[in-house]
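Asks: Structure provided below as structure tokens; questions to follow.
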Amino acid sequence: MTNLVYAALAIAAGVAATVQAATNAGLARSTGLGAAVVINTVVVLLASTCLWAATGAPMTFLPAGTPWTLYLGGLFGFVIVASLTVVFPKIGAAYAVALMVGGQCIAGLVVDHYGLIGMPREPMTLQRLIGAALVAAGLAVFRL
């Protein structure tokens with residue numbers, strides 16, 4: 001895949017995260033937070049099962065030597081879904097997403113710089129720090 005395709009997938013993920021949080025917040029108003037998160041999780045499980053089956057249904061869920069930390073993605077996904085479901089109606093979708101992007105920039109810089117969680121090392125550079133600073137400046141503009 002080309003970098004353009006990867007960029008388009010990342011943009012689609014950003015749109016999906018925003019729409020997901022908004023729909024989950026609306027559902028939570030009707031069902032309550034816990035039920036909304038459970039419903040979201042069931043839909044994710046069904047879609048994930050379809051993807052798993054479509055890719056040949058490999059049974060390698062727990063390969064030997066895989067660090068336990070790589071299994072924490074579901075926990076982080078829960079934090080994202082539950083937090084944004086609460087936050088969206090309180091501070092607004094745009095500001096919540098901007099804050100999330102700010103958090104992702106900081107975490108991404110650290111993960112890349114140190115090569116954490118099995119990611120390749122990508123050193124922190126002045127350009128990358130300026131990019132994160134611009135995201136922070138954008139957050140400040142949201143609150144003017």
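This table checks each residue for (1) modelled with pLDDT under 95; (2) under 13 Å from the mean Cα position of the chain (by Cα); (3) part of a helix (DSSP H, G or I).
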residue	(1), (2), (3)
G102	yes, yes, yes
C105	yes, yes, yes
P123	no, no, no
L144	yes, no, no
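Asks: Take T85 and tell me if it is of a type in the set (S, T, Y) and either surrounded by 14 or more Cβ atoms within 10 Å (Cβ to Cβ) or under 20 Å from A12 (Cβ atoms) (or both).
Replies: Details: of a type in the set (S, T, Y): yes; either surrounded by 14 or more Cβ atoms within 10 Å (Cβ to Cβ) or under 20 Å from A12 (Cβ atoms) (or both): yes.
Answer is yes for this residue.
Asks: Out of curiosity, is I130 in contact (Cβ under 8 Å) with a residue 40 or more places away in the chain and either among the small types (G, A, S) or assigned to a helix (DSSP H, G or I) (or both)?
Replies: no
Asks: If you don't mind, another one. Can you find, within region 102-123, the residue that is farthest from G73 (Cα to Cα) among those that are touching a residue at least 12 places away in the same chain (Cβ under 8 Å), loosely packed, with under 14 Cβ neighbours inside 10 Å and among the hydrophobic types (A, V, I, L, M, F, W, C)?
Replies: Only one residue fits best here, namely I106.
Asks: If you don't mind, another one. Find the residue count for region 107-121, including only residues that are within 18 Å of the chain's Cα centre (by Cα), over 18 Å from I80 (Cβ atoms) and modelled with pLDDT of 95 or more.
Replies: Selection size over region 107-121: 2.
Asks: Which count do you get for residues in region 32-59 that are assigned to a loop (DSSP other than H, G, I, E, B) and closer than 30 Å to A98 by Cβ?
Replies: 1
Asks: Condition first: in a helix (DSSP H, G or I) and small (G, A, S). Now tell me which residues in region 91-100 satisfy that. Let's see the steps before the verdict.
Replies: The initial filter retains those residues of region 91-100 that are in a helix (DSSP H, G or I), namely 91, 93-100.
Result: A93, A94, A96, A98.
Asks: Suppose we filter I80, I39 for residues that are surrounded by 12 or more Cβ atoms within 10 Å (Cβ to Cβ), under 20 Å from I117 (Cβ atoms) and in contact with a helix residue (DSSP H, G or I) (Cβ under 9 Å, 6 or more places away or on another chain); which single one remains?
Replies: I80
Asks: Select from region 88-100 the residues that are without any contact (Cβ under 8 Å) to a residue 60 or more places away in the chain and either in contact with a helix residue (DSSP H, G or I) (Cβ under 7 Å, 6 or more places away or on another chain) or of a type in the set (G, A, S) (or both) and write down the one among them that is surrounded by the most Cβ atoms within 10 Å (Cβ to Cβ).
Replies: Once the filter is applied, the top-ranked residue is A98.
Asks: Quick check on my filter: what residues within region 60-77 are exposed (fewer than 10 other Cβ atoms within 10 Å of the Cβ), among the hydrophobic types (A, V, I, L, M, F, W, C) and not in a helix (DSSP H, G or I)?
Replies: F61, L62, A64
Asks: Select from region 20-36 the residues that are surrounded by fewer than 12 Cβ atoms within 10 Å (Cβ to Cβ) and within 14 Å of S83 (Cα to Cα) and list them in ascending order.
Replies: G32, G34
Asks: What's the number of the only condition in (1) over 18 Å from V19 (Cα atoms); (2) exposed (fewer than 12 other Cβ atoms within 10 Å of the Cβ); (3) not basic (K, R) that W52 fails to meet?
Replies: Just one mismatch for W52, condition (2).
The values are calculated or read from the model by the stated rules, or taken from the named source; none is laboratory data. The model shown is predicted, which means the values in this text are computed figures rather than measured ones. So basically every Cβ, Gly included, is an ideal-geometry build from the backbone, and we count neighbours across all protein chains shown.
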